[in-house]
Amino acid sequence: MEQSDIIALIQETIWLTIRLSTPVMVIGLIVGVVIALVQALTQIQEITLVFVPKILAIFIAIFVFLPAFAATLITFMQQIADRIVGIN
C-alpha cells in the first residue's frame, strides 16, 4: 500500500465513524433539547432529569440501528480485506 492508499483508507474510516454515530447523536440531541424545554417550561431544574431519558433514548437508538451498523461495518471490512488480498 502506498501513502495515498493509507490516507484514503483513514478518510473512509473517519467518514464511516461519522456516518455511524450521527443517528445516535441526533437522537440524543433531540431528547436533550426536549427535556431542556420541559425543564424551562416547568421550572424543574433537577440535573439528573436530563441524563436518564437521554441514556435510555441512546440505548434504544443503538439497539434499533444495530443491524444497519453491522451491515455497514461488514461491508467496510470486506473492502479492507479485498485491499489486503489485492483484489480491487
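Quick one: which residue in Leu20, Leu16, Leu9, Leu37 is part of a helix (DSSP H, G or I) and loosely packed, with under 11 Cβ neighbours inside 10 Å?
Numbers: Leu20 fails: loosely packed, with under 11 Cβ neighbours inside 10 Å; Leu16 fails: loosely packed, with under 11 Cβ neighbours inside 10 Å; Leu9 fails: loosely packed, with under 11 Cβ neighbours inside 10 Å.
Exactly one residue qualifies, and that residue is Leu37.
What pairs come up if the first residue lies in the range 16-36 and is touching a residue at least 24 places away in the same chain (Cβ under 8 Å), the second is part of a helix (DSSP H, G or I) and surrounded by fewer than 12 Cβ atoms within 10 Å (Cβ to Cβ), and their beta carbons are under 9 Å apart, counting only those six or more places apart or on different chains?
Leu20/Ala68; Pro23/Ala68; Val31/Leu56
Return the total of residues in the range 29-56 being among the small types (Gly, Ala, Ser) and modelled with pLDDT of 95 or more.
Selection size over the range 29-56: 0.
Test Phe65 against the stated conditions and say whether it is among the hydrophobic types (A, V, I, L, M, F, W, C), touching a residue at least 60 places away in the same chain (Cβ under 8 Å) and surrounded by 14 or more Cβ atoms within 10 Å (Cβ to Cβ).
no
Applying the selection to the range 2-22, what residues are small (Gly, Ala, Ser) and closer than 24 Å to Phe63 by Cβ?
Once the filter is applied, which keeps residues that are small (Gly, Ala, Ser) and closer than 24 Å to Phe63 by Cβ, the range 2-22 yields only Ser21.
Against the definition (modelled with pLDDT of 95 or more, surrounded by 13 or more Cβ atoms within 10 Å (Cβ to Cβ) and not acidic (Asp, Glu)), how does Ile74 come out, yes or no?
no
Give the residue that is nearest to Ala71 (Cα to Cα), with candidates limited to residues of the range 40-56 that are among the polar types (S, T, N, Q) and part of a loop (DSSP other than H, G, I, E, B).
By that ranking, first place goes to Gln45.
Hey, any hits in the range 48-58 for a residue that's within 28 Å of Ile6 (Cα to Cα) and out of contact with any Lys or Arg (no Cβ under 6 Å at 6 or more places or on another chain)?
There is no residue in the range 48-58 that is within 28 Å of Ile6 (Cα to Cα) and out of contact with any Lys or Arg (no Cβ under 6 Å at 6 or more places or on another chain).
Restricting attention to the range 40-59, report how many residues are of a type in the set (A, V, I, L, M) and either surrounded by 13 or more Cβ atoms within 10 Å (Cβ to Cβ) or in contact with a Ser or Thr (Cβ under 9 Å, 6 or more places away or on another chain) (or both).
The qualifying residues number 4.
Looking at the range 47-88, which of its residues are touching a Pro at 6+ places or on another chain (Cβ under 6 Å) and farther than 15 Å from Ile30 by Cβ?
If we filter the range 47-88 for residues that are touching a Pro at 6+ places or on another chain (Cβ under 6 Å), which is where we start, we get 65.
Answer for the range 47-88, where residues must be touching a Pro at 6+ places or on another chain (Cβ under 6 Å) and farther than 15 Å from Ile30 by Cβ: there is none.
The values are calculated or read from the model by the stated rules, or taken from the named source; none is laboratory data. Everything numeric in this text was worked out from a predicted model, so none of it was measured. Reconstructed Cβ throughout: ideal geometry from the backbone, glycine too, with neighbour counts over all protein chains shown.
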